[in-house]
Amino acid sequence: MADDGPTTIEVRVIPRARRDEVGGERAGRLLVRTTAAPTDGKANAAVCRLVAAHLGCRARDVEVIAGHRSRDKTLRVAP
């Protein structure tokens with residue numbers, strides 16, 4: 001029996017990276033690199049967009065639910 005509820009993903013964000021990239025692991029978290037600066041929510045929006053593209057879903061289906069001002073974030077991915 002499959003669980004059709006939202007999924008949470010723990011990520012470690014590296015803002016102002018040389019390129020946008022999802023992959024790797026650091027401290028048990030998915031590593032997400034983004035060229036966006038961590039100001040005005042730009043990096044958070046970029047992380048949601050990058051993770052959504054990596055998972056093959058829409059960006060609006062991914063949201064930051066914890067760690068809005070931290071490099072360690074928890075994302076919710078809607079089914």
Can you work out which of the residues in segment 1-20 that are charged (D, E, K, R) and in a strand (DSSP E or B) is surrounded by the most Cβ atoms within 10 Å (Cβ to Cβ)? 12
Every residue in segment 39-48 that is part of a helix (DSSP H, G or I) and not β-branched (Val, Ile, Thr), please. 42, 43, 44, 45, 46, 48
Would a scan of segment 33-44 turn up a residue that is of a type in the set (D, E, K, R) and in contact (Cβ under 8 Å) with a residue 12 or more places away in the chain? yes
What do you reckon, is residue 23 among the small types (Gly, Ala, Ser) and part of a strand (DSSP E or B)? yes
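One line per residue, one yes/no per condition, for (1) part of a helix (DSSP H, G or I); (2) over 12 Å from residue 13 (Cβ atoms); (3) modelled with pLDDT of 95 or more:
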site	(1), (2), (3)
32	no, no, yes
37	no, no, yes
50	yes, no, yes
63	no, yes, yes
69	no, no, yes
Note: among 19, 71, 29, just one is on the phi < 0 side of the Ramachandran plot, free of Cβ contacts under 8 Å to residues at least 40 places away in the same chain and of a type outside the set (Phe, Trp, Tyr), namely 19
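The values are calculated or read from the model by the stated rules, or taken from the named source; none is laboratory data. As the structure is a prediction and not an experimental result, all values here were calculated from the model. Note that we place each Cβ from the backbone using ideal geometry, even for glycine, and neighbour counts take in every protein chain shown.
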